[in-house]
Amino acid sequence: MPRKDFYYNKAKVEGYRSRASYKLKQINEFHSVIKRNDSVVDIGAAPGGWLQVAIELSKTGIVIGVDMQKIEPLEGAITIRGDITKGTTKEKIKSILEDKEKRKGKKKLRNGGSIDIVLSDLAPNITGEYSLDQARSIYLGREALECALEILCHGGNFVVKAFYGTDIDEFLQDLNQEFETVKVFNPRASRKESAEVYIICKGRLTAPIKVGEKVVVEIVGEGKRGDGVANIQGYTVFVPGSKIGESWNIKIDEVRLEFGFASCVSEVKKKIN
Ligand SMILES: C[S@@+](CC[C@H](N)C(=O)[O-])C[C@H]1O[C@@H](n2cnc3c(N)ncnc32)[C@H](O)[C@@H]1O
């Protein structure tokens, strides 16, 4: 039996709204993106197969589904009908979240929103002209990213579908600037002939600097391994080869969730009056 029928039939038997449910299950088996009590926003959610899986995995967290098509009501999910490329849809998502947080008396998490994971299974209408369809899929992925960056908490995760092709490398590079780890994954449940991949981004970075940036810092401490430590707007950066009291022009080499690493470019000598 072809795989298409296997997952289609399985979804029918097990009560899922779409065969896509198994893709999210497989993504989570391999990458543990959704945990109990996580709050989830699913963009491109109709008919709701991923929403069902998100509700099962999160159990107690808020789950919001967005699509330009109607999503039939689903217990445990809030649904929004709207086009994600429109500012009004993004505003609707944010206002639901603000409302929920106000009611819970919950404060915004440090440097970011309050959502633990944003999912995007957005797919363009297929024209059959591959380069056009691929470009559109990356465009939708970028729209989902824009929304994710506004609502994800520090350390939050993002899963986004894209069609494999030329523009994907640039998209991956941009995702690498925003998340601690970025991996490409092909779930078994994707159709064999499909060009889709899922990009698994974990650990939303909220550091005030990006890899490759240059900045002048004072070395204010010393790490356990003897590296100089600089503090950039509350974010710790280790600078091997520097000492307390020195001032350096540094280049950021690596950004992690709670700290980063930089190399010394040139020492900035203090003027003696
Ligand atoms: C592959 S389906 C999603 C299937 C879903 N994950 C599930 O498990 O049932 C892709 C969805 O993206 C939606 N979509 C495409 N462009 C969109 C846009 N600009 N805004 C909102 N939804 C969009 C489509 O309406 C379609 O329902």
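The values are calculated or read from the model by the stated rules, or taken from the named source; none is laboratory data. Please read these numbers as outputs of a predicted model, since none were measured by experiment. Every residue, glycine among them, receives a Cβ derived from its backbone with ideal geometry; neighbour counts consider all protein chains shown.
Details
- Odd one out for Ile71 among (1) β-branched (Val, Ile, Thr); (2) closer than 20 Å to Gln26 by Cβ; (3) within 9 Å of the ligand (Cβ to nearest atom): (2)
- So Lys25, is it within 30 Å of Gln233 (Cα to Cα) and within 14 Å of the ligand (Cβ to nearest atom): no
- Residues in the range 223-266 that are in a strand (DSSP E or B), farther than 27 Å from Val182 by Cβ and touching a residue at least 24 places away in the same chain (Cβ under 8 Å): Ser247, Trp248, Asn249, Cys264.
- Odd one out for Ile244, checked against (1) surrounded by 13 or more Cβ atoms within 10 Å (Cβ to Cβ); (2) not assigned by TED's automatic domain parsing to the domain that holds Glu150: (1)
- Counted residues, the range 76-93 - those being touching a residue at least 12 places away in the same chain (Cβ under 8 Å) and surrounded by fewer than 15 Cβ atoms within 10 Å (Cβ to Cβ): 2
- Sole exception among (1) within 13 Å of the ligand (Cβ to nearest atom); (2) of a type in the set (Val, Ile, Thr); (3) closer than 18 Å to Val184 by Cβ for Val40, by number: (3)
- Residue within the range 126-145 that is modelled with pLDDT under 95 and within 11 Å of the ligand (Cβ to nearest atom) present: yes
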